[in-house]
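J.: What follows is a structure written as structure tokens; I'll ask about it next.
Bear in mind these aren't lab numbers, they're just calculated from the coordinates by the rules spelled out. Quick caveat, the model's predicted, so the values are computed rather than measured. Every residue, glycine among them, receives a Cβ derived from its backbone with ideal geometry; neighbour counts consider all protein chains shown.
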Amino acid sequence: MTHPSRRVWSHRQRGLGKVQEVFRDVISRPISTASIALSAMQEAMKPQRQTVLVQDENQLFENSLRTLLEELVVQAVNEEVPVMQLGRLTGPEDDGRGLVTRLLDIVVYLCERGHVEGGMVFQLLEDLTEVSTIKDCKEVFGYIEGKQETLGKPELFGRGKLVMLRTCNQLLRRLSKANDVVFCGRILMFLAHFFPLSERSAVNIKGIFNTSNETKYEKELPADGSHHIDFNFYKTFWSLQEHFCNPAYLVQYPARWQAFSTSLATVLLTFEAQPLGDEDESSSHLDEDDDATFNIKYLTSSNLLSLELKDPGFRRHILVQCLIVFDYLKTPGKTEKEGPRESLREEVKAHEEHVRKLLEITPPKGKEFIAAIEHILERERNWVWWKRDGCPAFERVVQERKVVPDANKRRPRWRLGNKELSQLWKWADMNPHALTDISRVKVPAVADYWKPLAEDMDPAAGIEPEYHHKKNRVYCWKGLRFAARQDLEGFSRVTELGIEGVVPLELLPPDVRTKLHGKSLERAKQKGTKKEDEGVASVVHADDGQMNGRGSMVDTAHDMEDAQALLPDSTPPTDAGNPAIAEKTEDEETRKHSKAVDLGNRNKTKEESSRGDIPAMNLNCSGPAFELWV
């Protein structure tokens, strides 16, 4: 009986063999990638979701392709042909691609459209560079450079950026920095374009120096004595490289700064004592574009130093190194302890001025050269501050702007902000009385203003509700203002009937008027009938009042006589000789007479009320008018 694990293993082996068989057949034919990629994947894997592989299917598919790729590399080695040229057709069918190139194109197509996992193509490229020679890796990297735009898309970059970074770093470790300088530069340029500027994996956040770059020179005097320069100056000169290698020590250890400052002063005085002339400029060949003369490091033999000092390029390399170190020492640290001391800053400033002076007098074009170096150092300071701030992202989210028609057309600028005000001001300049003209100041009548709304209310007009004037808030507001000034009756109907109730009745069609104001008209009609009845009754009462007028006057006279009778008989006589007593007596008589009149009027009112022919009223006969009448 077969063990279950063996059955699973045999099933996977059959799956691997099926994928390799299908894809070997596909890549052997010069067919378009877009027309064959998806069908080949479906034929080899039989996916559950038809066009997308699930996790287990992705793993099986990737393992199968990695195995197929390894077999193709072995085949290329056995046939002694470049890996990327294996299986390339000849003649008219040649499309410039080999078997490996077609395989990678199919995987890139499937990853880009989401049929398989996005990091699969990066894994295949890493395997290919690991099993290829340096010569073949150059062609493989050429393929990577050609697919840079596709590999940099978000759906692929997020899945494979770390794999691509690992692949490039492994290549850089394998390459020689002396013999493969161009290839190393291609890799670094690719990484700079492939990764964003804010990618932290490409930034030296801690600012660690490359202390492994050690410059070796002769520490002891040669036994044969074959040196053409002061050996002490030779050791002083090349000892500067030890300080250039790790400038942080110059701040941390004052003794090292003193040694560096002393050695540098000696070198600068020697450069100043031996200036370069025109003959040194012509012999340096700085203007020739000869890559063969380029060296990343200078030779340190004591026999060559005298010749190297006559080279302007050599001197510039040393002096520019000094400026770079000074720029580092002047940069403030994150804390007070990390920054340079005040005394050190003064010394750095003095040395920097000396170095700048020497660069200006070093041919050729010393002033132009020092200006370019200062510009480069200024940009470097910006990068230093960016790293110190935590490398914030350069990419910013672009806010979507509303598409404005005729965006290229320049908008006119008006003197007062808009066209209407500017035109009005222009008219006022031409005619000072334009603003005060009576013909301009005209307020429309209420009936004329409400005609558009009355037409909207007419069902026969067929105007849709959303286009009615009552939807216009400005129109309604102006109409209410007109009604408040000219039609208070219509304005009072706005609380009960809304804005449509303000429209004058004569403007409305009969059916709309009945529907909207039917109840109000009925109430007004009933109220008018009631007023007519009350008017007839008032006329009858008025006639009766005229007939009874004379009797009323007689009754009033009798009431006044009764009031006189109520006055007491023992009234003290008026003292005509004393004005004060006489005036007091007259006041008392007047008050008594007023009381009597009030009593008579109340009695008369009661009699009229009892008769019922004249309505009862409150008569106030105690005012100045009554006194004047009496």
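J.: So what does log10 I(q)/I(0) come out to for region 4-202 at q = 0.10, 0.12, 0.18 Å⁻¹, using the Debye formula with one equal point on every Cα and no solvent?
T.: -0.44, -0.64, -1.32
J.: Rounded to whole Hz and in sequence order, give me ³J(HN,Hα) for region 66-77 from the Karplus expression 6.51 cos²θ - 1.76 cosθ + 1.60, θ = phi - 60°, writing x for Gly and Pro.
T.: 5, 5, 4, 5, 5, 5, 5, 5, 4, 4, 5, 5
J.: Using 0.36 nm per residue of separation minus the Cα-Cα distance, give me the extension gain between THR133 and LYS519 in nm, one decimal.
T.: Gain in length upon complete extension: 128.6 nm.
J.: Less than 14 Å Cβ to Cβ from TYR467, Lys/Arg counted +1 and Asp/Glu -1: what total charge do the surrounding residues give?
T.: Taking every other residue near TYR467 into account, the sum is -3.
J.: For region 441-465 and region 71-126, what is the separation of their C-alpha centers, rounded to whole Å?
T.: 79 Å
J.: Full-extension gain between GLN55 and GLU218, please, as 0.36 nm times their residue separation minus the C-alpha to C-alpha distance.
T.: Length difference between fully extended and current span is 52.5 nm.
J.: Suppose R0 equals 41 Å. What FRET efficiency, 1/(1 + (r/R0)^6) with r the Cβ-Cβ distance, do ALA460 and LEU488 give to the nearest 0.05?
T.: Efficiency, rounded to the nearest 0.05: 0.85.
J.: Let me ask another. May I ask you to derive the relative contact order of region 4-202, considering only C-alpha pairs under 8 Å and at least 6 residues apart, and to give it as an integer percent?
T.: 17 percent
J.: Pairs of alpha-carbon atoms within less than 8 angstrom and 6+ residues apart define the contacts here; what relative contact order does region 443-520 have, in percent?
T.: Relative contact order of region 443-520: 34 percent.
J.: Another question about this same structure. Take a quick pass over region 4-202 and tell me how many lysine pairs come in under 28 angstrom between Cα atoms, counting only ones 8 or more apart or on separate chains.
T.: Taking the Cα cut-off of 28 Å, the pair count is 13.
J.: When ranked by the protection proxy of mean other Cβ atoms within 10 Å per residue, highest first, what sequence do the peptides 140-152, 463-475 form?
T.: Put in order of decreasing packing, that is 140-152, 463-475.
J.: Run the quick spin-label model on ASN246 and LEU480: label points 7 Å from Cα toward the beta carbon, then report their separation in nm to one decimal.
T.: That separation, rounded to one decimal, is 8.4 nm.
J.: What is the gain in length, in nm to one decimal, between PHE394 and ALA265 on full extension, counting 0.36 nm per residue of separation less the C-alpha to C-alpha distance?
T.: Gain on stretching PHE394 to ALA265: 42.3 nm.
J.: For the pair ARG411 and LEU505, what calculated FRET efficiency results from E = 1/(1 + (r/R0)^6), where r is the Cβ-Cβ distance and R0 = 51 Å, to the nearest 0.05?
T.: 0.55
J.: With a Förster radius of 60 Å, plug the Cβ-Cβ distance of GLN321 and ALA34 into 1/(1 + (r/R0)^6) and report the FRET value to the nearest 0.05.
T.: My answer for the efficiency is 0.65.
J.: So, by mean Cβ neighbours within 10 angstrom, what's the order for 176-188, 315-327 with the highest one leading?
T.: 315-327, 176-188
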